[in-house]
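Quick note: the coordinates plus some simple rules give every number you see, no bench work behind them. This structure is a prediction, so every number in the text was calculated from the model and none was measured.
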């Protein structure tokens, strides 16, 4: 099976992203996406705050059309309402038709209850852990899709991130069978917050000596954000950070 995880940056690099997803769909079984907007008409968003300029507010619908042979699941982390623009924001998993999804859902792992400097009218979004379970061995394989907490202050340890990691680990440990945890964790590789998540799993980014998961659109130092962690008994065929520039993140590909 082949899995791709990618923070799509709200679909800002729209055409290249759609073409990439369409091409990868030929031999990919599961897509895990972060920063997926949903539920609004296509709207010009250049008048929003800098970090939201250019987002595609109906990107989930675009992905559904781009992946006609896949079943999609959107996990809504929150909604925003700025001027005439109303949409939801969250995670999305797409699974190739013919692969049974035995379970699917999401759970809240962090709820932000303070103003973090977002634009006027913006609702602060919760953080979710999305999951699907598919047939694999005797008890199935659960794939977890994560977009970790970010508050604008770097990607080091703090009390909120540590709590978030403990909650993610607790939820993962409650599920039997092999696991894959993937996504944009918003964590540096040397953090205790990441070490909590790594317990009992193999960090393929570290194992393969990856020095960056970001494209040239990300200009800050410390180029790690995205990870794939897997159960040690999962047979890995191939792992790669793909070079395709379709976001400020790079896609991570796993064959197992």
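With a/c under 1.5 counting as rounded, go ahead and sort region 146-254 into rounded, prolate or oblate using the C-alpha gyration tensor (a ≥ b ≥ c being the square roots of the eigenvalues; past the cut-off, prolate if a/b is larger than b/c, else oblate). Oblate, since a/c reaches 1.5 and b/c is not below a/b.
The helix-based estimate of mean residue ellipticity at 222 nm for the chain, built from -39,500 (n - 2.57) per DSSP H run of four or more residues and divided by its residue count, is -5000 deg cm²/dmol to the nearest 500. Treating each Cα of region 2-255 as one equal point scatterer and applying the Debye formula with no solvent, the log10 of I(q)/I(0) at q = 0.07, 0.09, 0.15, 0.16 Å⁻¹ comes out as -0.21, -0.36, -1.08, -1.26. The separation of region 132-179 from region 196-232, counted between C-alpha centres, amounts to 14 Å.
Remark: the Cα gyration tensor places region 152-200 in the prolate category, a/c being 1.5 or greater and a/b exceeding b/c.
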